[in-house]
Amino acid sequence: MSSEKIDVRYVAKLARLALTDDEVARFGAQLGDLLEHVNALAKLDVSQVDATAQVVESRNVERDDIVRPSLDRETVLNEAPQRQGGFFRVPRIIAE
Amino acid sequence: MEIIERSAAQIAREVNARTLSACDVTDAVLAHVEAVEGDVGSYVSVLHDQARAAAARVDERVKNGETLPLAGVPLAVKDNMCLVGTRTTAGSKILENWHAPYTATAVQRLLDAGCVPIGKANMDEFAMGSSCENSALGVTKNPYDLSRVPGGSSGGSAAAVAAFEAAIGMGSDTGGSIREPAAFCNLVGFKPTYGRISRYGLIAFASSLDQIGPLTRTVEDAALAYDAMAGKDPMDATSIDRAIEPTATTLRTDLTGVKIGIVKQFDTRELGDDIDHLYDKAYHDLQALGAELVDIELPTADYGLATYYLIAPAECSSNLARFDGVRYGMRVEGADVHEMYEKTRAAGFGPEVKRRILIGTYALSSGYYDAYYVRAQKARTLIARDFEAAFAQCDLIACPAASSPAFQFNAKSDPYSMYLMDYYTIPMSLAGLPALSVPCGWVTPAGGSSPMPMGLQLTAPLFKERELLSAAHAYENMTKHASAYRPSLERTPGGR
């Protein structure tokens, strides 16, 4: 495991999160502390162990494809920050 | 006993017998909420109209000959669960004005069973926290000492039930968020086996861990709520398709023939003399009920916290990617779409949520994925195997639910000291096991003036909810710790 310093700005960019300079400093220190604690896992021998994603027996769950009522479009769109007609309105994504 | 203090079981019995109406119960509870909410602050929203309408429907159904297992029972719904038409905030500014377009399956099942929704309960933002202090929507106080936290993340539900503002509180538990507030507020808090209760309509935090369960004043009420909520739901592919054995009808009053494991790694002497004596007494009481105590080991349990604080943030960073200012919640405009995402999330999320998104994103990022995330998933396997080996020697495991009673506001300013509150509850969550906290006595914290409750955590093998609730019931029935003290609330006559 690595104990190198986290590049908080880079990680925040990946997470699409704008941070203030103050947050970068504070979160950087706090995440560094936490990583020290989680680095304890390096002591565990896991070479012969499979990863667990979910504990309880579970296989692919399939169901019949049956048409049934879904959420009302108006109700859903009314909760959106911005709508236009039957759509969510977003800032321009593709350049002109 | 005053109406508001009656158990869910008592209320349902009387409403079904028509010696009490659901409307009268609801009016009494709403009046009491009015009287104490200023002090306690359990609810983000109080649902006066919906509650009265639901109560009238319950009375109508009972009048038409139906018997409902939870007829007229006042319910607190944690604010990360959808109830159609109501504001559902998950304790976050980003969802402050969002209204749920549908109802969560677990909520619907309780309403169908006769529950009356009194309000949406406060919580740590997106269920991340152990004190409710991470809510962006307000402060919730511990009804047993208003200078102390109610626990978290289901702190509003816990405070509501402890302060008689509801008889059943719905909680969600990812690493201890039902069991720790239950311990802090003198309640029974029950997290069933992973997959037993549908999460459809629960706002996701860490999907491989999130579970819904009840907070109640008695074990019987927890059993009744579980019986109503459990079972396969086609809308949640992770809900388990297994027969549900009703638990409320099979509660025992002794523990003859039950082997209970005491965990060697969890040395309660480290928690101070008062707390050590309290758990010693609790284990002796289990023995007095007929249980045989055996020493067990959970060698990997100490790695639980490290494992959890990689897996849960990793899953949260993925789940919370959906809050991008497009489909629901708040939006902060930016020069382009990326700036809109970044500003929206910066303004909408609080510091704890940001910390977890960052740590999770880091643990999943290229170059660190194997070292952190995959290694944590492997540690998780070892922790689950520890429990399997332990359960070869015993039927249940007993240990503390939390390392201290409820602490004062702002006592845990360093994030890691708050994370440590989940030390005893996280291993069970990682293994998906059913576990609960039941009141086990009182201690007066250093510098505190009133005795505060503590919780005994009992854990069972996968799917053994019946045995777990049964044992908790036997313990509660003999010790009656919960009734030793009352919440310290000023109560006006109008609230009675």
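Key figures for this structure:
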read-out: Extreme residue, positive dipole direction of the stretch B:174-285, given options B:224, B:204, B:188 (C-beta unit charges); value: B:204
read-out: Delta accessible area of at least 20 Å² on complex formation, residues of the stretch A:66-92, 1.4 Å probe, chain isolated as reference; value: A:68, A:71, A:75, A:79, A:81, A:82, A:88, A:90, A:91
read-out: Cross-link table B:191/B:354; B:141/B:412; B:232/B:464; B:78/B:464; B:78/B:191, entries beyond 18 Å C-alpha to C-alpha; value: B:191/B:354; B:78/B:464
read-out: Mean separation of Cα contacts under 8 Å (6+ apart) over length of the stretch B:399-496, as relative contact order %; value: 28 percent
read-out: Per DSSP, loop GluC sites (Glu not before Pro) in the stretch B:250-311 with at most 14 further Cβ within 10 Å; value: B:297
read-out: Charged-residue dipole, Cβ positions (Lys, Arg, Asp, Glu), the stretch B:40-166 about Cα centre, Debye nearest 20; value: 120 debye
read-out: Chain B, helix-only ellipticity at 222 nm - DSSP H runs n ≥ 4, -39,500 (n - 2.57), divided by all residues, nearest 500; value: -11000 deg cm²/dmol
read-out: Computed over chain B: relative contact order in percent, which uses C-alpha pairs under 8 Å that are six or more apart; value: 18 percent
read-out: Cα-centred dipole magnitude for chain A, charges only on beta-carbon of K, R (+1) and D, E (-1), debye, nearest 20; value: 380 debye
read-out: Accessible area per residue, Å², the stretch B:410-496 with all protein chains present, probe 1.4 Å; value: 37 Å²
read-out: Solvent-accessible area buried by A and B, counting both chains, probe 1.4 angstrom, square angstrom; value: 5400 Å²
read-out: Protein-only accessible surface order, largest first, of B:48, B:481 at 1.4 Å; value: B:48, B:481
read-out: Neighbourhood net charge (13 Å Cβ-Cβ; Lys/Arg +1, Asp/Glu -1) for residue B:98; value: +3
read-out: Total charge dipole magnitude, the protein assembly as shown, about the Cα centre, Cβ charges on Lys, Arg, Asp, Glu only, Debye to nearest 20; value: 940 debye
read-out: Interatomic Cα distance distribution for chain A, bins of 10 angstrom, percent; value: 10, 18, 20, 26, 22, 3
read-out: Per-residue ³J(HN,Hα) for the stretch B:242-252, Karplus 6.51 cos²θ - 1.76 cosθ + 1.60, θ = phi - 60°, Hz, x for Gly and Pro; value: 9, 4, 9, 8, x, 9, 5, 8, 10, 6, 9
read-out: Virtual spin-label span in nm between residue A:68 and residue A:33, 7 Å along Cα→Cβ; value: 4.8 nm
read-out: Chain B: C-alpha gyration tensor shape, a/c 1.5 cut-off, then a/b vs b/c; value: rounded
read-out: Long-range HN-HN contacts of residue B:171 with modeled amide H, under 5 Å; value: B:213, B:215
read-out: Within 10 Å of each Cβ in A:39-46, the average number of Cβ atoms from other chains; value: 6
read-out: Integer Hz, Karplus 6.51/-1.76/1.60 couplings in order for the stretch B:453-463, x for Gly and Pro; value: x, 10, x, 9, 9, 10, 10, 10, x, 3, 6
read-out: On Cα atoms only, tilt of A:21-38 relative to the major axis of chain A in degrees; value: 60 degrees
read-out: Within the accessible area of the protein assembly as shown (1.4 Å probe), percent carbon and sulfur; value: 48 percent
read-out: In sequence order, calculated HN-Hα J values of the stretch B:219-229 (Karplus, 6.51, -1.76, 1.60; Hz; x Gly/Pro); value: 5, 4, 5, 5, 5, 4, 5, 4, 4, 6, 8
read-out: Radius of gyration, Dmax [the protein assembly as shown; alpha carbons; angstrom]; value: 23.1, 79
read-out: Sorted largest first, extent of the stretch B:254-369 alpha carbons per principal axis (Å); value: 69, 32, 30
read-out: Sparsely packed trypsin sites (Lys or Arg not before Pro) within the stretch B:243-277, loop by DSSP, other Cβ within 10 Å at most 16; value: B:264
read-out: Nitroxide proxy distance, nm - points 7 Å out along Cα→Cβ at residue B:369 and residue A:24; value: 2.7 nm
read-out: Per DSSP, loop trypsin sites (Lys or Arg not before Pro) in the stretch A:15-71 with at most 10 further Cβ within 10 Å; value: A:59, A:63
read-out: Solvent-accessible area of residue B:409 with every protein chain in place, 1.4 Å probe, in Å² to the nearest 10; value: 60 Å²
read-out: Amide H partners (placed H, <5 Å) of residue B:261, local residues excluded; value: B:294, B:395, B:396, B:397, B:398
read-out: Charge dipole of chain B about the Cα centre (unit charges at C-beta), most positive-ward option of B:441, B:162, B:174; value: B:174
read-out: Sites residue B:411 and residue B:37 - FRET efficiency at Förster radius 25 Å, r taken between beta-carbons, to 0.05; value: 0.55
read-out: Centroid-to-centroid separation of the stretch B:31-101 and the stretch A:1-67 [C-alpha atoms, Å]; value: 35 Å
read-out: Reduction of at least 20 Å² in accessible surface, 1.4 Å probe, comparing all protein chains with the chain by itself, residues of the stretch B:384-404; value: B:385
read-out: Euclidean distance between Cα centres, the stretch B:283-317 to the stretch B:423-496, Å; value: 16 Å
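The values are calculated or read from the model by the stated rules, or taken from the named source; none is laboratory data. Values in this document were obtained by computation on a predicted structure and should not be read as measured data. Positions of Cβ are generated from backbone atoms using ideal geometry, with glycine treated the same way; all protein chains shown enter the neighbour counts. Just the protein is used for accessible areas: all its heavy atoms, side chains included, with ligands, DNA and RNA removed. Shrake-Rupley method; radii C 1.70, N 1.55, O 1.52, S 1.80 Å.
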